[in-house]
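Coordinate-derived values only; no laboratory data. Being a predicted model, the structure only gives us computed values, none of them experimental. Here the Cβ is made from the backbone with ideal geometry for all residues, glycine too, and neighbour counts use every protein chain on show.
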Amino acid sequence: MREFDYARADSPRQAVSTHGESEQAAYLAGGTTLLDLVKIDIMRPDQVVDINRLDLNEIETLDDGRTRIGALVTNTALARHDRIKNEYAVLSEALLSGATTQLRNKATTAGNVMQRVRCPYFRDGVSSCNKREPGSGCAAIEGHNRSVHAVLGTSEHCIATHPSDMCVAMAAIGATVAVEGPDGQREIDFLDFHLLPGDAPEREHALKPGELITHVTLDAPLENSRSRYLKLRDRASYQFALASSAVIVTLDGDTITEARVALGGVGTKPWRAHEAEAALKGQKATEATFQKAAEIAMQGATPYAHNAFKIPLGQQAIVRNLTTLTAQEDRRTS
Amino acid sequence: MSDHHKGDGSGVETFDARFPSRRRFLKTMGASSLAAATAPAWAQIAQAGQQHKAPTEPRDDGAPGKGEQQIQLTVNGVAHTLNVKPNAVLLDVLRDRLELTGTKKGCDQGQCGACTLLVNDTAINSCLSLAVSHDGDKITTIEGLSNGDDLHPVQAAFWAHDAYQCGYCTSGQIMSAVAILNDDSIGSDDASVREAMSGNICRCGAYKNILAAVQDARGKMQGVS
């Protein structure tokens with residue numbers, strides 16, 4: 001692994017000040033993305049700022065009902081937290097469907113938000129990749145683009161999916177990302193945090209140089225809602241989604257009164273499907289309703305040579321999730 | 001795991017789980033090829049066994065050199081003061097500096113689980129961990145599980161169930177199993193164990209016996225961590 005300078009920060013302010021605005025500096029939390037990519041020489045920091053000793057390990061319920069998650073809360077701790085399991089089941093399930101026990105024990109909330117794409121052409125270090133080498137082209141568009149390549153939100157410059165399951169659940173729940181940077185603190189709406197590739201796929205998020213995520217704050221849970229994460233993949237465990245859905249609904253009898261739908265595995269960012277939600281709200285919870293919403297969710301999808309199957313698969317991820325969720329008794333345990 | 005060697009020269013085979021001997025056998029044969037003509041191989045192995053310095057003594061590197069960071073690691077109950085470069089990986093420090101080679105390097109990028117060990121009783125991939133980040137941490141490796149010649153229940157169960165072929169993934173499998181069996185939030189049914197162990201890849205495909213070993217060890221784990 002290449003050499004770098006190392007500093008351990010004791011406070012967010014100190015971390016930000018040590019990092020500065022250099023693009024060659026990197027914050028280190030769990031290390032499951034950063035050290036992986038440094039080892040294969042895709043990320044090349046000359047300064048690593050270790051934030052693991054910062055006091056950002058709490059999960060707090062705020063007075064307004066929102067839930068504030070410290071940046072360093074591990075994926076395991078978040079998934080196992082009582083309030084998350086009971087009030088945000090979709091998030092707990094999404095977390096537990098990702099990676100492995102060991103990786104979830106290391107990976108943090110902020111690190112999961114910041115994880116990089118799994119496109120093999122990004123990781124191989126030699127192929128054309130506009131994320132890694134802006135202007136070099138996208139080998140995936142004409143290449144092997146089956147499993148970790150998107151059909152929604154793609155551009156002629158990049159078609160890699162955002163790999164996170166956690167972020168799909170957060171997109172459905174609604175959240176804000178609190179950051180501290182050289183210019184002070186600010187909050188970013190979760191749906192604005194990840195950027196579409198457009199003509200600048202090397203820009204993946206809304207952070208300014210040097211900004212550090214300190215918390216992710218979830219919207220208050222929808223009252224009397226039920227939620228579920230459904231992940232479809234090539235094997236039963238330890239695999240990225242081909243298509244996934246995070247769904248939250250409230251019902252009045254058999255009428256859907258509120259719906260939140262987000263998709264993973266099919267989009268270049270955690271994909272909130274607002275139009276599909278509008279098609280569900282006020283409708284009877286029937287398969288015909290679900291199918292119509294699912295078709296709306298995948299409208300405008302662009303298939304590539306090997307991933308056209310993701311359009312019907314994404315629809316099925318929505319229909320099956322809604323079918324299961326609306327058929328069962330209230331899943332909330334509190 | 002099933003290494004046998006003649007521990008005292010008496011010709012009686014003894015088993016010592018602390019010192020899997022294939023590595024030492026190879027080392028010994030390499031280092032002593034000149035002397036090999038004058039003494040039987042088993043005698044040299046026995047001699048090497050006696051000379052082997054168990055990694056149970058505290059290590060103290062003294063003042064750190066330029067570009068090094070001083071860290072404290074308590075490994076299997078022994079406190080070491082080490083000077084490491086910022087890019088030194090925990091797995092490599094344990095293997096190369098402390099000679100605790102039970103923890104294996106497989107993919108070296110967090111995908112196979114061979115390097116799994118416990119940091120503060122939590123299973124992690126040591127290949128994706130900077131040593132310097134673990135200053136002050138308590139680390140348990142496969143070498144720290146047995147109590148002298150008494151195998152940990154999970155080790156004994158892996159042996160009894162033949163839960164390996166080549167054995168390269170075994171220490172990672174065992175460390176994951178120990179963590180899982182001590183974690184009340186992970187279900188005890190086979191499906192839950194399979195899911196929780198999915199980060200440990202076995203190229204030989206010994207999963208059936210690994211699962212049997214983990215479940216067998218479950219009942220014997222009371223009072224053991």
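Each Lys and Arg Cβ is given +1 and each Asp and Glu Cβ -1; about its Cα centre, region A:226-327 then shows a dipole of about 340 debye.
For region B:71-162, a Kirkwood radius taken over Cα pairs fed into Stokes-Einstein (37 °C, viscosity 0.692 mPa s) yields D = 241 µm²/s.
The order of A:Ile213, A:Ile84, B:Ile124, going from fewest to most other C-beta atoms within 10 Å of their C-beta, is A:Ile84, A:Ile213, B:Ile124.
Using C-alpha pairs under 8 Å with a sequence gap of at least 6, the mean separation divided by the residue count of region B:153-218 gives a relative contact order of 54 percent. Each Lys and Arg contributes +1 and each Asp and Glu -1, all at the Cβ; summed about the Cα centre of chain A, the dipole is approximately 1040 debye.
Taking each DSSP H run with n ≥ 4 as -39500 (n - 2.57) and averaging over every residue of chain A yields -7500 deg cm²/dmol at 222 nm. Grouping the Cα pair distances of region A:220-268 into 5 Å bins from zero gives a pair-distance distribution of 5, 19, 23, 17, 14, 12, 9, 1 percent in increasing distance order. Sort out for me the Cα centre separation of region B:173-195 from region A:162-229, rounded to whole Å. Going from one Cα centre to the other spans 32 Å. When chain A is described by a simple charge dipole with +1 on each Lys and Arg Cβ and -1 on each Asp and Glu Cβ, the residue from A:Thr100, A:Ser155, A:Val49 located farthest towards its positive end is A:Thr100.
If you model region B:153-218 as an ellipsoid using its alpha carbon gyration tensor, with each semi-axis the square root of five times an eigenvalue, the axes come out at 17, 12, 10 Å, biggest first. Plainly put, region B:98-145 has a radius of gyration that is 0.92 times its Kirkwood radius, both from alpha-carbon atoms, as the Rg/Rh ratio. Normalised by 2.2 N^0.38 Å, where N is the number of residues, the C-alpha radius of gyration of region A:5-49 stands at 1.11. Net charge of the neighbourhood of B:Val84, taken over other residues with C-beta under 11 Å away and scored Lys/Arg +1, Asp/Glu -1, is -3.
Just so you know, the Rg over Rh for region A:191-334 is 1.00, from Cα atoms, with Rh as the Kirkwood radius. Rounded to two decimals, the Cα-based Rg/Rh of chain A, with Kirkwood Rh, is 0.96.
By the compact-protein rule of thumb, 2.2 N^0.38 Å, the alpha-carbon radius of gyration of the protein assembly as shown corresponds to a ratio of 1.05.
Applying 1/(1 + (r/R0)^6) with R0 = 30 Å to the Cβ-Cβ distance of A:Asn86 and B:Asn120 gives a FRET efficiency near 0.65. Within chain A, how many Lys pairs that are eight or more residues apart, or on different chains, come under 26 Å at the alpha-carbon? Pairs that pass both the separation and distance tests number 28.
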